Structures are given as C-alpha cells and as structure tokens.
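First comes the structure, then the notes that go with it.
Derivation of every value follows stated rules applied to the coordinates shown; laboratory data play no part. For clarity, every value in this text was computed on a predicted model and none was experimentally measured. All Cβ positions, glycine included, derive from the backbone under ideal geometry; neighbour counts span all protein chains shown.
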Amino acid sequence: MFFKKKGNEIIYTVTVNGMMCGMCEAHVNDIIRKNFDVKKVKSSHTKNQTVIVSSEELNEDAIKQSIRSMGYEVKDIQKEVR
C-alpha cells in the first residue's frame with residue numbers, strides 16, 4: 001500500500017493593526033490571495049492578525065508591503081513550519 005507524503009506547510013502569523021470589521025478582513029485576505037500562491041488565509045479583526053498557510057516560502061517584506069498598501073499597519077510576522 002502506498003501513501004502520498006504530505007508536504008510541509010509554512011504558517012505565517014501576521015500582526016495587523018487597523019482592521020475594524022469583516023470587510024477589512026476580506027480586503028486583507030483578498031490582497032494576500034492576489035499577490036501570493038497560498039493554501040489558506042484567514043484574518044481576524046478582533047485578534048489583530050492574519051494567518052497565511054503556504055506550501056512554499058513567502059517573501060515577508062512583500063507580505064508587509066501588500067498589507068500596508070491597503071492602509072493597515074503590520075507589526076510582526078511569525079513563521080512556523082509544520
């Protein structure tokens with residue numbers, strides 16, 4: 001029996017200030033999906049964070065620039081490989 005090996009996932013947790021509602025979350029999610037090949041992205045204005053799941057390394061400066069271009073403030077990015 002053969003099993004397909006699951007590749008590593010890289011999880012970026014981005015601290016984002018300035019999101020006030022669900023539409024703000026959607027704007028951040030949309031800009032990330034537009035600029036990066038990601039598996040999943042989810043933002044929370046109550047937690048002030050965006051979580052990005054990717055199968056490949058992403059340019060953290062480009063992530064910051066993309067979110068800042070929408071008028072939000074990026075405080076920090078933490079990366080975890082699973």
Relative contact order in percent for region 10-81 (Cα pairs under 8 Å, 6+ apart) equals 48
Among [x] 5.8; [y] 5.2; [z] 9.9, the entry matching mean projected area of the Cα convex hull in nm² as calculated here is [x]
Distance in nm between Glu60 and Asn35 label points, each 7 Å along Cα→Cβ, equals 1.6
Between the Cα axis of helix 22-35 and the main Cα principal axis of the chain, the angle (0 to 90°, nearest 10) is 50
Distance in nm between Val51 and Glu73 label points, each 7 Å along Cα→Cβ, equals 2.5
Glu60 neighbourhood, Cβ < 11 Å, K/R = +1, D/E = -1, net charge -1
Phi-derived 3J(HN,Hα) across region 50-65 with the Karplus relation (6.51, -1.76, 1.60, θ = phi - 60°), rounded Hz, x for Gly and Pro, is 10, 10, 10, 10, 9, 8, 9, 4, 10, 6, 5, 5, 5, 4, 4, 4
